[in-house]
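First comes the structure, then the notes that go with it.
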Amino acid sequence: MVCDDPLRHRQFALSAAAESLLRPLSHWTDLRELDGELSELAQRLLAAHVLVAEGSPEHLLEERESPWSTWGSAATYYHLATRTRRDDAFLTAAEDTAEIRRRATARPSPSPFKTHGGQVVRLPEGGSPDGADFGADFGHVLRARRTTRRFSAADPVSAEQLSGLLRWVAGPFHRIDVPGVGSVVLKTSPSGGARHAIEVYPVVLSVSGVPPGVYHYRAQDHCLETVRPGRPDSGELVHWCGGQLYADTAGVLLLYTAVLRRSAWKYRTGRTYRTLFMDLGHLSQTAYLVATALGLGAFFTAATRDEAIEEVLGLTWEEEIFLGLTGVGVPDETESRRQREMLAGGPAGFSFAMDAWDGLGTT
């Protein structure tokens, strides 16, 4: 048996005697009740912080009510295991570059792009370099950005809007040939080490000129690849989204996944997992701002059934994981008016779907 102490970043093997002693000590025990050799072994385990004494700082920490106690042991364990300590060593940029070049010689970097292989659906041109798609100044976009949960059933997203959204959110804008490493891409959102592990799978629900279905965005060619044709059943889609009924009323859902090998090739520590969600935050905020600039409403949610979505996309969690999704659509008139009034200095408030899910309606 191996003892793993995430708080102190220690791992060590336990002897057979220590392992057999730990089982009965899963409940509070007076060490004076143990035989001499077992009592001595228990004292050594106590000194090594393998055992916890009742009333000790470690015990009080475990019993204290905190966010970690509500999030569960798995979240606590991961945070502590990837938390850097005051004396941890870091590579210099020069050392890191040398290591990456050595690694690239032995095993080339994974491609920053993915090809699904489904039937291709071409998109209109979008994402002009001068930002002509938008027609709104940046300050206005920042102030106007709001979460939208009420969409118009009569107004689809245009193919041009979808094209611009995908181009600006997930398309490559620059490619750099790094000597000894290979080609990397730059997008509108930053990514740890320029690895850009995140892929986008649009679920088209109501987009003019684009057949409904589940697609993969082939960023290098700015086109869609069919994963599953046809609009997902409303019940299935709502199930993916944890029962959030309003998700089914959006024009398109952008499902975000992470191709793990892209980041793992460069970064070998468990802390890299954190950066995937930092990248997701950057990307989803870019989606919010681009949607706003295009005159669309957007929401983000991570209240999803990951396994069900990964099955639809044909993913395995060992290689590519689902992270969350952005929904985009044309706000309905009531929601548009509320947001305009708020932007003009009216009462601030949140966007509610007014349905059975949020308890404010019955539809």
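Where the eigenvalues come from the Cα gyration tensor of segment 2-81, what are the semi-axes √(5λ) of the equivalent ellipsoid, largest first, in whole Å?
So the equivalent ellipsoid measures 25, 16, 10 Å along its semi-axes.
Going by a ≥ b ≥ c, the root eigenvalues of the Cα gyration tensor, does segment 144-201 fall in the rounded group (a/c under 1.5), the prolate group (a/b larger than b/c) or the oblate group?
prolate
Could you work out how much longer the chain between Ser15 and Glu62 gets when fully extended? Use 0.36 nm per residue separation minus the Cα distance between them, nm to one decimal.
Extra length available between Ser15 and Glu62 comes to 14.4 nm.
Mind ordering 116-122, 197-203 by average Cβ neighbours within 10 Å, highest first?
Answer by packing, highest mean first, reads 197-203, 116-122.
How long are the semi-axes of the ellipsoid equivalent to segment 238-363, from square roots of 5 times the Cα gyration tensor eigenvalues, in whole Å, largest first?
31, 18, 12
By count of other Cβ within 10 Å, fewest leading, how are Asp306, Asp137 ordered?
In increasing order of surrounding Cβ atoms, one gets Asp137, Asp306.
Apply the Karplus parameterisation 6.51 cos²θ - 1.76 cosθ + 1.60, with θ equal to phi minus 60°, to every residue of segment 297-309 and state each ³J(HN,Hα) to the nearest whole Hz, in sequence, with x for glycine and proline.
Per residue, the Karplus-derived 3J(HN,Hα) values read x, 8, 9, 10, 8, 10, 7, 10, 9, 4, 4, 5, 5 Hz.
Between Ala153 and Arg103, what is the label-to-label distance in nm when each label sits 7 Å out along the Cα-to-Cβ direction?
That separation, rounded to one decimal, is 5.2 nm.
If contacts are Cα pairs under 8 angstrom and at least 6 residues apart, what is the relative contact order of segment 153-215 in percent?
Across segment 153-215, relative contact order equals 31 percent.
In a Gaussian network model over the chain where Cα atoms closer than 10 Å are linked, find which of Ala153, Ala144, Ala348 has the largest mean-square fluctuation.
Ala348
Based on alpha-carbon centroids, what's the gap between segment 155-214 and segment 83-129 in Å, whole number please?
One Cα centre to the other: 15 Å.
Please turn the phi angles of segment 42-56 into ³J(HN,Hα) values with the Karplus equation 6.51 cos²θ - 1.76 cosθ + 1.60 (θ = phi - 60°), one per residue in order, whole Hz, x for glycine and proline.
With coefficients 6.51, -1.76 and 1.60, one gets 4, 5, 5, 5, 5, 5, 8, 6, 7, 9, 10, 7, 4, x, 6 Hz.
Report, by chain and number, residues whose modeled amide H sits under 5 Å from the one on Ser152, excluding near sequence neighbours (fewer than 5 apart, same chain).
Val330, Asp332
Cut-off 14 Å, label point 7 angstrom out along Cα-to-Cβ of Asp358: give me the residues of segment 234-252 whose amide nitrogen falls inside.
Of the residues in segment 234-252, 244-250 have backbone N under 14 Å from the label point off Asp358.
Percentage of Cα-Cα pair distances in segment 120-343 greater than 25 Å, rounded to whole percent?
For segment 120-343, the share of Cα pairs beyond 25 Å comes to 38 percent.
Explain nothing, just the number: relative contact order of segment 217-349, from Cα pairs under 8 Å at least 6 residues apart, as a whole percent.
Once divided by the residue count of segment 217-349, the mean separation gives 32 percent.
Give me the extension gain from Phe173 to Arg340: residue separation times 0.36 nm, minus the current Cα-Cα distance, reported in nm with one decimal.
56.9 nm
Remind me, relative contact order of the chain in percent, using alpha carbon pairs under 8 angstrom and six or more residues apart?
17 percent
Which order do the peptides 238-250, 222-234 take when ranked by the mean count of other beta-carbon atoms within 10 Å per residue, highest first?
238-250, 222-234
Where a number appears in this text, it was derived from the coordinates with a stated rule and is not lab data. Every value quoted in this text rests on a predicted model; they were computed, and no experiment measured them. For neighbour counting, all protein chains shown are included, and Cβ atoms are generated from backbone atoms with ideal geometry for every residue, glycine included.
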